[in-house]
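Reading through the structure tokens given below for one structure.
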Amino acid sequence: MKKNKEKDVGENDKESYYCGLDISTSCTGVCLIDKNEQLILLDSVKLTSSSLTTLWSKADRGIEEIKRLIGDKPINKIFVEENAKMFNTGFSSADTLFSLAKFNALISYLSHKTFNAEVYDINVSSARKAVGYKNTLSDKRPVKEKVFEFTTTLHPKFPWKKHITKSGKNKGREIYGQESRDMSDAWVIAVGGLRLIK
């Protein structure tokens, strides 16, 4: 078993990449890194079009867009955040958790078939710890926001998506788009996943 693991993360990785996916039915973050954790790609796939009325159509569009972003780059391993196993803030029902788990499975399988790469479920807390994030309980903001702040501080020159607000208290200001949070999570899963399997 040890011999196989050494082979997996050794010589065969020289010209291949590692993909991290933050999968959701509205926006999926996509991150590609090399074996040295250098960023190759950081982007997102929006799945909010009114034409996407089912999980199947969202999954089809999702894998099409992920394939378009990655192109012909060879993928060694794909890391995805493992499914939530309990109710958390932001999940309103068992149906929501089930739909997310189903969509996660669809994109994971399609990614495996498309890129001929093994898919690894990565515990999000372990991935965050692996990249150096420490949760401050006294900070009551959602963890997703705190992780995003951590990654943007660590990598301010990453291609985060921004826009100028047209209304509200931030009108006229440039702010990070919501999809940048998903991109941040995809980076955490990619780098954290690679560190966890070594």
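A short reminder: the numbers here are calculations on the coordinates, not readings from a lab. What you see is a predicted model; the values in this text were computed from it and never measured. Virtual Cβ from ideal backbone geometry, glycine too; neighbours counted across all protein chains shown.
Set side by side, the residues Ser125, Ser108, Ser138, Ser167 differ, and just one is among the hydroxyl-bearing types (Ser, Thr, Tyr) and touching a residue at least 40 places away in the same chain (Cβ under 8 Å), which is Ser108.
Please specify each residue of the range 18-31 satisfying the condition of being part of a strand (DSSP E or B) and surrounded by fewer than 22 Cβ atoms within 10 Å (Cβ to Cβ). Can you show your working first?
Within the range 18-31, the first condition is being part of a strand (DSSP E or B), and the residues that meet it are 18-22, 27-31.
Hit for the range 18-31 is Cys27, nothing else.
Mind checking whether some residue in the range 48-71 is in contact with a helix residue (DSSP H, G or I) (Cβ under 8 Å, 6 or more places away or on another chain), outside any loop (DSSP other than H, G, I, E, B), in contact (Cβ under 8 Å) with a residue 40 or more places away in the chain and within 16 Å of Gly192 (Cα to Cα)? No - not one qualifying residue is present in the range 48-71.
Taken over the range 33-47, the criterion of being over 16 Å from Ile63 (Cα atoms), in contact (Cβ under 8 Å) with a residue 40 or more places away in the chain and not in a loop (DSSP other than H, G, I, E, B) is satisfied by Ile33, Leu39.
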